[in-house]
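Engineer: My questions will all concern the structure given below.
Values in this text are rule-based calculations from the coordinates and carry no lab data. These figures come from a predicted structure and were not determined experimentally. Note that we place each Cβ from the backbone using ideal geometry, even for glycine, and neighbour counts take in every protein chain shown.
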Amino acid sequence: MGAIGTGRLIAFVPTTDLTRARAFYTETLGLPVSEESPFACVFDANGTMLRLTPVRKLSKVRYTVLGWGVADIDAAVGELAAAGVEFVRYRGMDLDDAGIWTSPGGDRVAWFEDPDGNLLSVTQFVA
């Protein structure tokens, strides 16, 4: 499996509305488009290829499909909130006022959704 281990990861995210999703990922998240066709909108996510792929129907899942490791989660959450992003709040989780959860090990995480309801996150790791 050396070919897989040395290959570059490609991330895929489904969308029912490619135009709407493109706007969110470019305007709200600030990702540059590297390629576009009726079959996908491709972004450069800091060296990782992210492909938004149109689908007819999308089943909403409650797990994170895409996440970013950030150096300063407070700044990242502040920027996203200023761009209109609402953070998901889970019952039973001790979140701060900004919607950030601190794990028992000290990592800090905040979750939000894209326009299709795909769950995304930002995480500041302690290590």
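Engineer: From the alpha carbon gyration tensor of segment 2-124, can you work out the equivalent ellipsoid semi-axes (sqrt of 5 times each eigenvalue) and give them in Å, largest to smallest? Can you show the working numbers first?
Structural biologist: Details: eigenvalues 126, 62, 42 Å².
Largest first, segment 2-124 gives 25, 18, 14 Å.
Engineer: Something else now. Restrict the search to segment 25-111; then list the trypsin sites (Lys or Arg not before Pro) that DSSP places in a loop and that have at most 14 other Cβ atoms within 10 Å of their Cβ. Please report the intermediate quantities before stating the final value.
Structural biologist: On the way: sites: Arg51, Arg56, Lys57, Lys60, Arg62, Arg89, Arg91, Arg108; in loops: Arg56, Lys57, Lys60, Arg62, Arg89, Arg91.
Those that pass, being in a loop and sparsely packed, are Arg56, Lys57, Lys60, Arg62, Arg89, Arg91.
Engineer: Here is a further query. Given H placed 1.01 Å from N in the peptide plane, which residues other than close sequence neighbours of Trp68 have an amide H under 5 Å from its amide H?
Structural biologist: Ser121, Val122, Thr123
Engineer: Which trypsin sites (Lys or Arg not before Pro) from segment 1-46 combine a DSSP loop assignment with at most 11 other Cβ atoms within 10 Å? Write down the numbers at each step before the final one.
Structural biologist: Numbers: sites: Arg8, Arg20, Arg22; in loops: Arg8.
In loop regions of segment 1-46 (DSSP not H, G, I, E or B), the sparsely surrounded trypsin sites (Lys or Arg not before Pro) are Arg8.
Engineer: On a full-extension model of 0.36 nm per residue, what is the gain between Thr48 and Ala81, subtracting their alpha-carbon distance, rounded to one decimal in nm?
Structural biologist: Numbers: separation 33, 0.36 × 33 = 11.88 nm, distance 2.41 nm.
Value of the extension gain: 9.5 nm.
Engineer: I would also like to ask the following. Using only helices, what value at 222 nm comes out for the chain when you add -39,500 (n - 2.57) per DSSP H run of length 4 or more and divide by the total residues, to the nearest 500 deg cm²/dmol?
Structural biologist: -4000 deg cm²/dmol
Engineer: Here's something else I'd like to know. At what distance in nm do the modelled label points of Arg62 and Asp17 sit from each other, each positioned 7 Å from its Cα along Cα→Cβ?
Structural biologist: 2.5 nm
Engineer: Would you kindly derive the ³J(HN,Hα) couplings of segment 24-40 from the backbone phi angles with the Karplus curve 6.51 cos²θ - 1.76 cosθ + 1.60 (θ = phi - 60°), listing them in order in whole Hz, with x for Gly and Pro?
Structural biologist: Using θ = phi - 60°, the values come out as 4, 5, 8, 6, 8, 8, x, 7, x, 7, 10, 6, 8, 7, x, 9, 5 Hz.
Engineer: Hey, another quick one. Please give the contour-minus-distance gain from Thr28 to Thr102: 0.36 nm per residue of separation, less the Cα-Cα distance, rounded to one decimal in nm. Mind dumping the intermediate values first?
Structural biologist: Details: separation 74, 0.36 × 74 = 26.64 nm, distance 2.44 nm.
So the extension gain works out to 24.2 nm.
Engineer: Quick check: the angle from helix 73-82's long axis to the longest principal axis of the chain, C-alpha only, nearest 10 degrees?
Structural biologist: It is inclined by approximately 70 degrees.
Engineer: Could you pull out the chymotrypsin sites (Phe, Trp or Tyr not before Pro) across segment 16-74 that fall in loop regions by DSSP (anything but H, G, I, E, B) with no more than 15 other Cβ atoms inside 10 Å?
Structural biologist: Details: sites: Phe24, Tyr25, Phe39, Phe43, Tyr63, Trp68; in loops: Phe39, Tyr63.
Listed in order of number, the matching sites are Phe39, Tyr63.
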